[in-house]
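The next block holds one structure in the form of structure tokens; read it before the comments.
The values are calculated or read from the model by the stated rules, or taken from the named source; none is laboratory data. All values derive from a computational prediction rather than experimental measurement. Cβ: placed from backbone, ideal geometry, glycine included. Neighbour counts: every protein chain shown.
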Amino acid sequence: MDRQRMEMTNYGLLIHNHILKLRMLLNRHRHKRIDRRVRTVWVRDWIGRRSQFGFYAQLLDELRCEDTVSFKNFLRVDPTMFQEIVNRLTPRLQKKDTWYRKALPVGLKVAITLRYLATGDSYHSLMYLFRVPHNTISNLVVQVCEAIISEYAEDVINTPTEEAEWLAISQEFSDMWQFHHVLGALDGKHVAIKCPAGGGSKYYNYKGFHSIVLMGLVDANYKFKWVNVGAPGACSDAQIWNQSDLKNHIIDENMHIPKAEPLPNDDKDIPYFIVGDDAFALRSWLMKPFSRRNMTLEERVFNYRLSRSRRVVENAFGILANRFQCLLSTLKQEPNNVVSIILACVLSAQYNEDKISR
């Protein structure tokens, strides 16, 4: 027995020694990996020549002076609008120079961000165009988008809260789409994203990809009057709408929706309403089409008229995605950053259109 115990003890010591050796080898391997990550240079020489050969210093100056149409095609805003955005965002984005490095100009940050929103190019691609490291671009894109939201959100997205404002929207739908008492068109758009770590099926939608939902209420001129961004793709449009603040305000009668009135050439009171598709529940203030089965002629005509007015929200999504084509690609940022990017696209597009219409 004593001999067996000694053999067992020696065997345990042998295993313990092997474990210690394995730990030492793993620690050495980790140190080697850390050593490989040490920077070989602080700034690459070709990046240091940004002010001489970068797109912001060269190409944009040429386009601003010689071809304003191409400038707008490149950044989706004209030179005057670009300078206005830079001036308004400077207090939020300007950094101080240090003794070993100069801060990036605000104009360069805005140009990189707008180019990313316009094309959806990878950060590495933008790095070679603007001569700014890709890891710096990944930070500044989100910073600029958040600055745009903070600066423009209250000025651009104005949800009506007075009866006169709702009546003006209704009149536009009547004039342009021949459908009366409409207060806006409601729908959601799925923006594709890379599945976040630990996301599981939370962002996986019925279309077969991971997404974040942009829901909007649009007037007859394709302008967003209310937006909701951030719901995971697994949520349905009805679920997002039922949990939205706008619906709760409408139910609580805080939005001052006009009272029911007769339609033109009629004497029966009809309520004012929002138009949506089959995904939403029918309410007195939310109209949806008739079921497609066994429709009468009158129901077919009604569905056609409702579809004409409801499709403006789908057109608005199409116009937005065509202007800022990052929304057509698969965004690889974290969900919170994706929300900032989507909101920045909506605000930038609408602010530009508001300026043009004025």
Next item on the list: Take segment 133-158 and flag every residue that is outside any helix (DSSP H, G or I) and either at pLDDT 95 or above or under 19 Å from the mean Cα position of the chain (by Cα) (or both).
Entry: 157, 158
Notebook entry, point to check: Is it the case that segment 290-301 has a residue that's touching a helix residue (DSSP H, G or I) at 6+ places or on another chain (Cβ under 7 Å), closer than 14 Å to residue 191 by Cα and not assigned by TED's automatic domain parsing to the domain that holds residue 149?
Noted result: no
Notebook entry, point to check: Looking at (1) among the small types (Gly, Ala, Ser); (2) part of a loop (DSSP other than H, G, I, E, B); (3) without any contact (Cβ under 8 Å) to a residue 40 or more places away in the chain; (4) at negative phi, which is the one condition that is false for residue 200?
Noted result: (4)
Item checked: Close pairs from segment 216-230: first free of Cβ contacts under 8 Å to residues at least 24 places away in the same chain, partner small (Gly, Ala, Ser) and surrounded by fewer than 20 Cβ atoms within 10 Å (Cβ to Cβ), Cβ under 8 Å, at least 6 apart -> 228/244
Check: Can you tell me which of 313, 339 is farther than 21 Å from residue 221 by Cβ and surrounded by 13 or more Cβ atoms within 10 Å (Cβ to Cβ)?
Finding: 339
Notebook entry, point to check: Given the conditions (1) closer than 30 Å to residue 306 by Cα; (2) touching a Ser or Thr at 6+ places or on another chain (Cβ under 8 Å), and given that residue 161 satisfies all but one, which numbered condition is not satisfied?
Noted result: (2)
Note to self: Can you tell me which condition residue 312 does not meet? The list is (1) within 30 Å of residue 113 (Cα to Cα); (2) assigned to a loop (DSSP other than H, G, I, E, B), and all the others hold.
What the structure shows: (2)
Notebook entry, point to check: Counting only residues that are closer than 21 Å to residue 257 by Cα, out of contact with any Leu (no Cβ under 9 Å at 6 or more places or on another chain) and in contact (Cβ under 8 Å) with a residue 12 or more places away in the chain, how many does segment 278-302 have?
Noted result: 2
Notebook entry, point to check: Of the residues that make up segment 288-300, is at least one closer than 28 Å to residue 346 by Cβ and in a loop (DSSP other than H, G, I, E, B)?
Noted result: yes
Check: Within segment 108-137, restricting attention to residues that are of a type in the set (S, T, N, Q) and in contact (Cβ under 8 Å) with a residue 24 or more places away in the chain, which residue is nearest to residue 58 (Cα to Cα)?
Finding: 113
Item checked: Identity of the residue in segment 71-100, among the charged types (D, E, K, R) and free of Cβ contacts under 8 Å to residues at least 40 places away in the same chain, that ends up farthest from residue 151 (Cα to Cα) -> 97
Check: Looking at segment 227-260, which of its residues are in a loop (DSSP other than H, G, I, E, B) and among the acidic types (Asp, Glu)?
Finding: 252, 253
Notebook entry, point to check: Listed residues 37, 49; which is over 29 Å from the mean Cα position of the chain (by Cα) and at pLDDT 80 or above?
Noted result: 49
Check: When segment 244-257 is examined, which residues are found to be in contact (Cβ under 8 Å) with a residue 12 or more places away in the chain, touching a helix residue (DSSP H, G or I) at 6+ places or on another chain (Cβ under 9 Å) and buried (at least 16 other Cβ atoms within 10 Å of the Cβ)?
Finding: 255, 257
Next item on the list: Could you tell me which of the residues 347, 328, 343 is closer than 21 Å to residue 80 by Cα, touching a residue at least 12 places away in the same chain (Cβ under 8 Å) and not assigned by TED's automatic domain parsing to the domain that holds residue 229?
Entry: 347
Margin query: Looking at segment 278-298 only, could you name the residues that are in contact with a Ser or Thr (Cβ under 9 Å, 6 or more places away or on another chain) and among the charged types (D, E, K, R)?
Written below: 278
